[in-house]
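Below: one structure, written as structure tokens.
Where a number appears in this text, it was derived from the coordinates with a stated rule and is not lab data. What you are looking at is a predicted structure, and each value in this text was computed from that prediction instead of being measured. Cβ atoms come from the backbone with ideal geometry, glycine included; neighbour counts cover every protein chain shown.
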């Protein structure tokens, strides 16, 4: 384990988010978590954040990251900044689990959002995509249909 103490762990399918900081810790300015993405994991559809910037720092593995119209292979030590309003998404197309440090600022997209999404994704059977889309929109995430 890279970090000794997590505030909370949320699992959505095989994705795992290990929270280090939430809005209560940072006066609403930052959420930070370790993102764990096993190989061939179902991941979120491309989307953008209305009011939140995102930064990823890769700790292990290789993450295939879409940022705008560019797809990048991020390896340990690589980072990317995703400004609010920029379409993004990711996949783990490799055989090694990815671990990344993810920071969201301000803390508008925090554990509450991920708990709500997890409840739908982990309910069993195909997820109710209308519920997922409604939760995304209520937290300032806008899904984008693939081109």
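Separation of segment 118-147 and segment 54-79 by C-alpha centroid, Å? The distance from the Cα centre of segment 118-147 to that of segment 54-79 comes to 23 Å. The helix-based estimate of mean residue ellipticity at 222 nm for the chain, built from -39,500 (n - 2.57) per DSSP H run of four or more residues and divided by its residue count, is -4500 deg cm²/dmol to the nearest 500.
Taking every alpha-carbon pair under 8 Å whose residues sit at least 6 apart, the chain reaches a relative contact order of 28 percent. Can you bin segment 8-140 into rounded, prolate or oblate? Criterion: square roots of the alpha carbon gyration tensor eigenvalues sorted a ≥ b ≥ c, rounded for a/c under 1.5, prolate for a/b above b/c, oblate for the rest. Judged from the Cα gyration tensor, segment 8-140 comes out rounded (a/c under 1.5). Computed from the C-beta positions of residue 128 and residue 93, the FRET efficiency with R₀ = 30 Å rounds to 0.65. With an a/c value of 1.5 or above and a/b not larger than b/c for the gyration tensor axes a ≥ b ≥ c computed over the alpha-carbon atoms, segment 1-66 is described as oblate.
Note on residue 102 and residue 11: the model spin-label points, each 7 Å out from Cα along the C-beta direction, lie 1.7 nm apart. Full extension of the chain segment joining residue 71 with residue 138 gains 21.4 nm, where the gain is 0.36 nm per residue of separation less the Cα-Cα distance.
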